[in-house]
Amino acid sequence: MSRPSAETARPSSPDVAAVRDADDDGRAAARRPIDRRPTGPRPTGRRLGGRWFLLGVAVTLVLLGCSVAVGQYDAFSADGFWMVGITRIPRTIGLILAGASMAMCGLIMQLLTQNRFVEPTTTGTTEWAGLGLLLVMIVAPQASLTVKMLGATTMAFLGTMVFFLFLRRVSLRSSLVVPIIGIMLGAVVGSISTYLALMTDMLQTLGIWFAGSFTSVIRGQYEVLWIVLIVAVLIFFVADQFTVAGLGKETATSVGLNHGAVVLLGTAMVAVATGVTATVVGTLPFLGLVVPNLVSMIRGDDLRSNLPWVCLAGISVVTACDLLGRTIRAPFEIPVGLVLGLVGSVVFVALLLVQRRRGAIST
(Lines give C-alpha, C1' and ligand atoms only; values in the text may rest on other atoms or scores of the structure.)
Protein backbone atom coordinates (compact mmCIF):
# COMPACT_ATOMS: atom_id res chain seq x y z
CA MET A 1 0.00 0.00 0.00
CA SER A 2 1.49 3.34 -1.08
CA ARG A 3 1.42 6.47 1.00
CA PRO A 4 1.64 10.13 -0.11
CA SER A 5 4.92 11.92 0.23
CA ALA A 6 5.44 14.85 2.60
CA GLU A 7 5.38 17.32 -0.33
CA THR A 8 2.01 16.17 -1.73
CA ALA A 9 0.22 15.58 1.56
CA ARG A 10 -2.39 18.24 2.43
CA PRO A 11 -4.74 18.60 5.40
CA SER A 12 -8.31 17.52 4.73
CA SER A 13 -9.70 20.77 6.18
CA PRO A 14 -8.31 24.32 5.93
CA ASP A 15 -8.76 24.68 9.70
CA VAL A 16 -6.80 21.51 10.54
CA ALA A 17 -3.06 21.17 9.85
CA ALA A 18 -1.57 17.72 9.45
CA VAL A 19 1.41 17.04 11.67
CA ARG A 20 3.24 13.81 10.84
CA ASP A 21 5.74 12.28 13.17
CA ALA A 22 7.42 9.34 11.47
CA ASP A 23 9.30 6.80 13.53
CA ASP A 24 12.21 4.66 12.38
CA ASP A 25 9.85 2.18 10.72
CA GLY A 26 8.23 4.95 8.63
CA ARG A 27 4.79 4.67 10.25
CA ALA A 28 2.79 7.96 10.46
CA ALA A 29 1.40 9.25 13.70
CA ALA A 30 -2.11 10.53 14.20
CA ARG A 31 -3.02 13.99 13.12
CA ARG A 32 -3.76 16.74 15.60
CA PRO A 33 -5.32 20.18 14.96
CA ILE A 34 -3.26 23.36 15.31
CA ASP A 35 -4.76 26.28 17.22
CA ARG A 36 -5.08 29.18 14.77
CA ARG A 37 -6.09 31.79 17.30
CA PRO A 38 -3.84 34.89 17.51
CA THR A 39 -0.78 34.23 19.61
CA GLY A 40 0.28 37.88 20.08
CA PRO A 41 -0.43 39.95 23.17
CA ARG A 42 -4.12 40.52 23.68
CA PRO A 43 -5.32 44.09 24.27
CA THR A 44 -6.43 44.52 27.84
CA GLY A 45 -9.38 46.69 28.70
CA ARG A 46 -9.95 48.02 25.17
CA ARG A 47 -13.68 48.07 25.60
CA LEU A 48 -15.26 50.76 27.73
CA GLY A 49 -17.20 48.09 29.58
CA GLY A 50 -14.14 46.03 30.41
CA ARG A 51 -13.49 45.10 33.99
CA TRP A 52 -10.32 47.20 34.14
CA PHE A 53 -12.19 50.29 33.04
CA LEU A 54 -14.93 49.61 35.57
CA LEU A 55 -12.25 49.25 38.23
CA GLY A 56 -10.81 52.60 37.18
CA VAL A 57 -14.24 54.19 37.41
CA ALA A 58 -14.71 52.73 40.90
CA VAL A 59 -11.34 54.05 42.10
CA THR A 60 -12.10 57.48 40.68
CA LEU A 61 -15.52 57.57 42.35
CA VAL A 62 -13.97 56.61 45.68
CA LEU A 63 -11.45 59.44 45.39
CA LEU A 64 -14.17 61.93 44.47
CA GLY A 65 -16.27 60.72 47.41
CA CYS A 66 -13.30 61.30 49.71
CA SER A 67 -12.93 64.80 48.25
CA VAL A 68 -16.50 65.60 49.23
CA ALA A 69 -16.15 64.05 52.70
CA VAL A 70 -12.73 65.41 53.71
CA GLY A 71 -12.73 68.81 55.42
CA GLN A 72 -12.87 70.66 58.70
CA TYR A 73 -16.65 70.69 58.81
CA ASP A 74 -18.74 67.65 59.62
CA ALA A 75 -20.68 66.97 56.45
CA PHE A 76 -23.67 65.67 58.45
CA SER A 77 -24.02 68.74 60.67
CA ALA A 78 -26.13 71.76 59.74
CA ASP A 79 -23.14 73.98 58.98
CA GLY A 80 -21.25 71.14 57.34
CA PHE A 81 -24.10 70.33 54.97
CA TRP A 82 -24.22 74.00 53.95
CA MET A 83 -20.46 74.05 53.35
CA VAL A 84 -20.66 70.92 51.23
CA GLY A 85 -22.91 72.72 48.77
CA ILE A 86 -20.85 75.91 48.83
CA THR A 87 -17.30 74.58 48.59
CA ARG A 88 -16.84 70.82 48.45
CA ILE A 89 -19.17 69.92 45.60
CA PRO A 90 -17.93 72.81 43.40
CA ARG A 91 -14.37 71.85 44.30
CA THR A 92 -14.97 68.23 43.32
CA ILE A 93 -16.54 69.33 40.03
CA GLY A 94 -13.50 71.54 39.47
CA LEU A 95 -11.20 68.56 40.07
CA ILE A 96 -13.10 66.55 37.48
CA LEU A 97 -13.11 69.24 34.80
CA ALA A 98 -9.57 70.49 35.33
CA GLY A 99 -8.01 67.03 35.65
CA ALA A 100 -9.71 65.60 32.57
CA SER A 101 -9.15 68.67 30.37
CA MET A 102 -5.47 69.19 31.16
CA ALA A 103 -4.70 65.50 30.71
CA MET A 104 -6.41 65.52 27.30
CA CYS A 105 -4.56 68.71 26.33
CA GLY A 106 -1.27 66.95 26.97
CA LEU A 107 -2.33 64.00 24.82
CA ILE A 108 -3.34 66.28 21.92
CA MET A 109 -0.10 68.25 22.03
CA GLN A 110 1.97 65.07 22.09
CA LEU A 111 0.19 63.82 18.97
CA LEU A 112 0.47 67.10 17.07
CA THR A 113 4.16 67.53 17.88
CA GLN A 114 4.98 63.81 17.67
CA ASN A 115 6.81 64.16 20.96
CA ARG A 116 5.92 62.37 24.20
CA PHE A 117 7.49 65.03 26.42
CA VAL A 118 5.28 67.94 25.36
CA GLU A 119 2.35 69.36 27.31
CA PRO A 120 1.07 72.87 28.23
CA THR A 121 3.62 73.37 31.01
CA THR A 122 6.59 72.28 28.86
CA THR A 123 5.65 74.44 25.87
CA GLY A 124 5.14 77.72 27.71
CA THR A 125 1.35 77.66 27.19
CA THR A 126 0.59 78.09 30.88
CA GLU A 127 3.11 80.93 31.20
CA TRP A 128 1.49 82.73 28.27
CA ALA A 129 -1.91 82.22 29.91
CA GLY A 130 -0.54 83.71 33.13
CA LEU A 131 0.81 86.70 31.23
CA GLY A 132 -2.59 87.30 29.65
CA LEU A 133 -4.29 87.03 33.03
CA LEU A 134 -1.80 89.45 34.55
CA LEU A 135 -2.24 91.99 31.73
CA VAL A 136 -6.02 91.95 32.22
CA MET A 137 -5.59 92.49 35.96
CA ILE A 138 -3.24 95.41 35.34
CA VAL A 139 -5.39 97.11 32.71
CA ALA A 140 -8.75 96.35 34.33
CA PRO A 141 -8.36 95.42 38.02
CA GLN A 142 -12.13 95.05 38.45
CA ALA A 143 -12.58 92.82 35.40
CA SER A 144 -14.93 89.89 35.71
CA LEU A 145 -13.81 86.29 35.69
CA THR A 146 -15.01 85.93 32.10
CA VAL A 147 -12.83 88.82 30.90
CA LYS A 148 -9.82 87.36 32.70
CA MET A 149 -10.52 84.03 31.06
CA LEU A 150 -10.65 85.61 27.61
CA GLY A 151 -7.32 87.35 28.20
CA ALA A 152 -5.65 84.16 29.41
CA THR A 153 -7.09 82.10 26.55
CA THR A 154 -6.00 84.61 23.90
CA MET A 155 -2.42 84.76 25.14
CA ALA A 156 -2.28 80.97 25.54
CA PHE A 157 -3.34 80.56 21.91
CA LEU A 158 -0.75 83.06 20.66
CA GLY A 159 2.00 81.47 22.75
CA THR A 160 1.19 77.96 21.59
CA MET A 161 1.19 79.12 17.97
CA VAL A 162 4.63 80.68 18.51
CA PHE A 163 5.87 77.33 19.78
CA PHE A 164 4.43 75.43 16.80
CA LEU A 165 5.83 77.94 14.32
CA PHE A 166 9.24 77.60 15.90
CA LEU A 167 9.10 73.81 15.58
CA ARG A 168 8.06 74.10 11.95
CA ARG A 169 11.00 76.32 11.00
CA VAL A 170 13.70 74.57 13.00
CA SER A 171 14.79 70.98 12.35
CA LEU A 172 15.43 69.18 15.64
CA ARG A 173 17.06 65.77 15.83
CA SER A 174 16.63 65.11 19.53
CA SER A 175 13.20 64.59 21.05
CA LEU A 176 14.45 66.07 24.30
CA VAL A 177 15.27 69.41 22.69
CA VAL A 178 11.59 70.12 21.95
CA PRO A 179 10.40 70.33 25.59
CA ILE A 180 13.64 72.10 26.54
CA ILE A 181 12.87 74.83 24.00
CA GLY A 182 9.33 75.07 25.31
CA ILE A 183 10.56 75.38 28.89
CA MET A 184 13.01 78.08 27.81
CA LEU A 185 10.26 80.04 26.05
CA GLY A 186 8.07 79.63 29.11
CA ALA A 187 10.89 80.88 31.33
CA VAL A 188 11.27 84.01 29.21
CA VAL A 189 7.52 84.70 29.34
CA GLY A 190 7.48 83.94 33.06
CA SER A 191 10.29 86.41 33.70
CA ILE A 192 8.34 89.11 31.84
CA SER A 193 5.28 88.32 33.97
CA THR A 194 7.37 88.48 37.14
CA TYR A 195 8.79 91.86 36.15
CA LEU A 196 5.34 93.27 35.41
CA ALA A 197 3.97 91.86 38.66
CA LEU A 198 6.87 93.37 40.59
CA MET A 199 6.32 96.79 39.02
CA THR A 200 2.56 96.70 39.72
CA ASP A 201 2.73 95.17 43.21
CA MET A 202 1.08 91.93 42.09
CA LEU A 203 3.94 89.57 42.78
CA GLN A 204 2.09 87.78 45.56
CA THR A 205 -0.94 87.26 43.33
CA LEU A 206 1.27 85.83 40.61
CA GLY A 207 2.94 83.48 43.09
CA ILE A 208 -0.42 82.18 44.27
CA TRP A 209 -1.48 81.62 40.67
CA PHE A 210 1.67 79.67 39.79
CA ALA A 211 1.18 77.45 42.86
CA GLY A 212 -2.17 76.17 41.58
CA SER A 213 -4.91 75.54 44.11
CA PHE A 214 -8.58 74.64 44.28
CA THR A 215 -9.12 76.73 47.40
CA SER A 216 -10.90 79.49 45.50
CA VAL A 217 -13.16 77.05 43.64
CA ILE A 218 -16.47 77.84 45.30
CA ARG A 219 -20.02 78.32 44.12
CA GLY A 220 -20.26 81.39 41.92
CA GLN A 221 -16.51 81.39 41.11
CA TYR A 222 -16.00 78.19 39.14
CA GLU A 223 -18.84 78.02 36.63
CA VAL A 224 -16.65 79.05 33.68
CA LEU A 225 -14.87 75.71 34.09
CA TRP A 226 -17.85 74.07 32.40
CA ILE A 227 -16.45 75.46 29.14
CA VAL A 228 -13.74 72.81 29.21
CA LEU A 229 -16.47 70.15 29.13
CA ILE A 230 -17.44 71.46 25.69
CA VAL A 231 -13.80 71.20 24.62
CA ALA A 232 -13.62 67.62 25.90
CA VAL A 233 -16.72 66.61 23.94
CA LEU A 234 -15.30 68.20 20.77
CA ILE A 235 -12.06 66.28 21.26
CA PHE A 236 -14.01 63.02 21.22
CA PHE A 237 -15.62 64.01 17.91
CA VAL A 238 -12.34 64.86 16.15
CA ALA A 239 -10.16 62.25 17.85
CA ASP A 240 -9.55 60.32 14.62
CA GLN A 241 -8.32 63.45 12.86
CA PHE A 242 -5.84 64.15 15.65
CA THR A 243 -4.63 60.56 15.44
CA VAL A 244 -3.99 60.87 11.70
CA ALA A 245 -2.32 64.27 12.17
CA GLY A 246 -0.02 62.63 14.69
CA LEU A 247 1.40 60.43 11.91
CA GLY A 248 3.07 63.47 10.35
CA LYS A 249 2.19 66.15 7.84
CA GLU A 250 3.08 64.12 4.74
CA THR A 251 1.10 61.06 5.81
CA ALA A 252 -1.89 63.13 6.91
CA THR A 253 -1.90 65.07 3.64
CA SER A 254 -1.63 61.88 1.59
CA VAL A 255 -4.90 60.59 3.05
CA GLY A 256 -6.69 63.89 2.38
CA LEU A 257 -6.44 65.51 5.82
CA ASN A 258 -5.87 69.25 6.12
CA HIS A 259 -2.97 69.04 8.54
CA GLY A 260 -2.69 72.78 9.13
CA ALA A 261 -6.39 73.12 9.97
CA VAL A 262 -6.22 70.20 12.41
CA VAL A 263 -3.16 71.69 14.14
CA LEU A 264 -4.94 75.06 14.37
CA LEU A 265 -8.03 73.38 15.83
CA GLY A 266 -5.97 71.45 18.35
CA THR A 267 -4.09 74.60 19.36
CA ALA A 268 -7.37 76.44 19.89
CA MET A 269 -8.75 73.65 22.06
CA VAL A 270 -5.61 73.49 24.14
CA ALA A 271 -5.59 77.27 24.54
CA VAL A 272 -9.21 77.40 25.66
CA ALA A 273 -8.82 74.57 28.18
CA THR A 274 -5.53 75.95 29.51
CA GLY A 275 -6.80 79.52 29.72
CA VAL A 276 -9.98 78.59 31.55
CA THR A 277 -8.21 76.22 33.95
CA ALA A 278 -5.42 78.71 34.59
CA THR A 279 -7.91 81.46 35.41
CA VAL A 280 -9.89 79.43 37.94
CA VAL A 281 -7.28 77.04 39.37
CA GLY A 282 -3.80 78.05 38.27
CA THR A 283 -0.95 75.88 37.04
CA LEU A 284 -1.19 72.08 37.14
CA PRO A 285 2.35 71.05 36.19
CA PHE A 286 3.24 67.73 34.52
CA LEU A 287 -0.35 66.46 34.54
CA GLY A 288 -0.66 66.49 30.76
CA LEU A 289 2.73 64.82 30.44
CA VAL A 290 2.56 62.01 32.97
CA VAL A 291 -1.00 60.76 32.44
CA PRO A 292 -0.98 60.36 28.61
CA ASN A 293 2.44 58.71 28.69
CA LEU A 294 1.39 56.15 31.27
CA VAL A 295 -1.80 55.36 29.35
CA SER A 296 0.05 55.11 26.01
CA MET A 297 2.67 52.79 27.48
CA ILE A 298 -0.08 50.38 28.50
CA ARG A 299 -2.64 50.76 25.71
CA GLY A 300 -0.86 52.18 22.65
CA ASP A 301 -1.39 55.44 20.77
CA ASP A 302 -5.00 55.26 19.56
CA LEU A 303 -6.46 58.57 20.71
CA ARG A 304 -10.12 57.60 20.60
CA SER A 305 -9.78 54.46 22.72
CA ASN A 306 -7.34 56.16 25.12
CA LEU A 307 -9.38 59.29 25.82
CA PRO A 308 -11.68 57.73 28.47
CA TRP A 309 -8.66 56.30 30.24
CA VAL A 310 -6.79 59.60 30.06
CA CYS A 311 -9.80 61.39 31.54
CA LEU A 312 -10.11 58.89 34.38
CA ALA A 313 -6.40 58.94 35.15
CA GLY A 314 -6.25 62.74 35.03
CA ILE A 315 -9.16 63.07 37.44
CA SER A 316 -7.72 60.45 39.78
CA VAL A 317 -4.23 61.98 39.85
CA VAL A 318 -5.47 65.52 40.51
CA THR A 319 -7.93 64.35 43.16
CA ALA A 320 -5.33 62.21 44.92
CA CYS A 321 -2.81 65.08 44.97
CA ASP A 322 -5.49 67.49 46.21
CA LEU A 323 -6.48 65.12 49.02
CA LEU A 324 -2.84 64.74 49.98
CA GLY A 325 -2.38 68.50 50.07
CA ARG A 326 -5.50 68.95 52.20
CA THR A 327 -4.69 66.26 54.77
CA ILE A 328 -0.92 66.28 55.20
CA ARG A 329 -0.96 69.53 57.23
CA ALA A 330 -4.62 69.90 58.12
CA PRO A 331 -6.24 72.34 58.78
CA PHE A 332 -3.72 74.08 56.50
CA GLU A 333 -3.61 73.25 52.81
CA ILE A 334 -0.69 72.64 50.47
CA PRO A 335 -1.47 73.83 46.91
CA VAL A 336 -2.16 70.97 44.55
CA GLY A 337 0.31 72.44 42.06
CA LEU A 338 3.19 71.86 44.47
CA VAL A 339 2.18 68.24 45.06
CA LEU A 340 1.73 67.66 41.33
CA GLY A 341 5.09 69.26 40.61
CA LEU A 342 6.84 66.94 43.05
CA VAL A 343 5.07 63.77 41.90
CA GLY A 344 5.15 64.73 38.24
CA SER A 345 8.86 65.53 38.19
CA VAL A 346 9.72 62.13 39.67
CA VAL A 347 7.51 60.32 37.16
CA PHE A 348 8.91 62.48 34.34
CA VAL A 349 12.47 61.44 35.15
CA ALA A 350 11.35 57.80 35.34
CA LEU A 351 9.71 58.11 31.92
CA LEU A 352 12.91 59.56 30.50
CA LEU A 353 14.90 56.62 31.80
CA VAL A 354 12.38 54.09 30.48
CA GLN A 355 12.23 55.69 27.04
CA ARG A 356 16.01 55.94 26.89
CA ARG A 357 16.33 52.26 27.80
CA ARG A 358 13.90 51.34 25.02
CA GLY A 359 15.79 53.51 22.55
CA ALA A 360 12.79 55.78 21.95
CA ILE A 361 14.77 58.95 22.70
CA SER A 362 16.88 60.20 19.82
CA THR A 363 20.10 62.02 20.64
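The values are calculated or read from the model by the stated rules, or taken from the named source; none is laboratory data. Everything numeric in this text was worked out from a predicted model, so none of it was measured. Here the Cβ is made from the backbone with ideal geometry for all residues, glycine too, and neighbour counts use every protein chain on show.
Mind checking whether some residue in region 348-362 is among the polar types (S, T, N, Q), modelled with pLDDT under 85 and not in a helix (DSSP H, G or I)? Yes, region 348-362 has at least one match.
In region 204-222, the residue that is modelled with the highest pLDDT out of those that are over 20 Å from residue 121 (Cα atoms) and within 22 Å of the chain's Cα centre (by Cα) is 217. For region 230-251, the set of residues classified as more than 16 Å from residue 110 (Cα to Cα) and buried (at least 20 other Cβ atoms within 10 Å of the Cβ) consists of 231 only.
Restricting 347, 336 to those that are among the aliphatic types (A, V, I, L, M), crowded, with 23+ Cβ neighbours inside 10 Å, touching a helix residue (DSSP H, G or I) at 6+ places or on another chain (Cβ under 7 Å) and touching a residue at least 40 places away in the same chain (Cβ under 8 Å) reduces the list to 336. The set of residues in region 190-224 being of a type outside the set (S, T, N, Q) and without any contact (Cβ under 8 Å) to a residue 40 or more places away in the chain consists of 195, 198, 199, 201, 203, 207, 220, 223.
Would you mind finding the one in 147, 84, 136, 57 that is farther than 28 Å from residue 262 by Cβ and modelled with pLDDT under 85? Testing whether each residue is farther than 28 Å from residue 262 by Cβ and modelled with pLDDT under 85 leaves just 84.
Condition check for residue 115 on (1) farther than 22 Å from residue 341 by Cα; (2) modelled with pLDDT under 85: one failure, at (1). Quick one: is residue 319 among the polar types (S, T, N, Q), closer than 17 Å to residue 120 by Cβ and surrounded by 15 or more Cβ atoms within 10 Å (Cβ to Cβ)? So residue 319 fails the test.
Evaluated against (1) of a type in the set (Val, Ile, Thr); (2) surrounded by 17 or more Cβ atoms within 10 Å (Cβ to Cβ); (3) modelled with pLDDT under 85; (4) more than 22 Å from residue 216 (Cα to Cα), residue 270 falls short on exactly one condition, (3).
What about residue 255, is it within 18 Å of the chain's Cα centre (by Cα) and closer than 25 Å to residue 302 by Cβ? For residue 255, the condition - within 18 Å of the chain's Cα centre (by Cα) and closer than 25 Å to residue 302 by Cβ - is not met. Scanning region 93-110 for residues that are surrounded by fewer than 24 Cβ atoms within 10 Å (Cβ to Cβ) and hydrophobic (A, V, I, L, M, F, W, C), we see that the one that is nearest to residue 303 (Cα to Cα) is 96. Note on region 313-344: residues that are touching an Asp or Glu at 6+ places or on another chain (Cβ under 8 Å) and either modelled with pLDDT under 85 or not in a helix (DSSP H, G or I) (or both) total 0. Of 218, 208, all but one fail to be outside any helix (DSSP H, G or I), hydrophobic (A, V, I, L, M, F, W, C), within 23 Å of residue 90 (Cα to Cα) and out of contact with any Asp or Glu (no Cβ under 9 Å at 6 or more places or on another chain); the exception is 218.
The set of residues in region 245-296 that are in a helix (DSSP H, G or I), over 21 Å from residue 310 (Cβ atoms), out of contact with any Lys or Arg (no Cβ under 7 Å at 6 or more places or on another chain) and of a type in the set (S, T, N, Q) comprises 251, 253, 254.
Per-residue answers, yes or no, for (1) under 22 Å from residue 313 (Cβ atoms); (2) touching a strand residue (DSSP E or B) at 6+ places or on another chain (Cβ under 9 Å); (3) not in a loop (DSSP other than H, G, I, E, B):
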site: 105; (1), (2), (3): yes, no, yes
site: 121; (1), (2), (3): yes, no, no
site: 130; (1), (2), (3): no, no, yes
site: 150; (1), (2), (3): no, no, yes
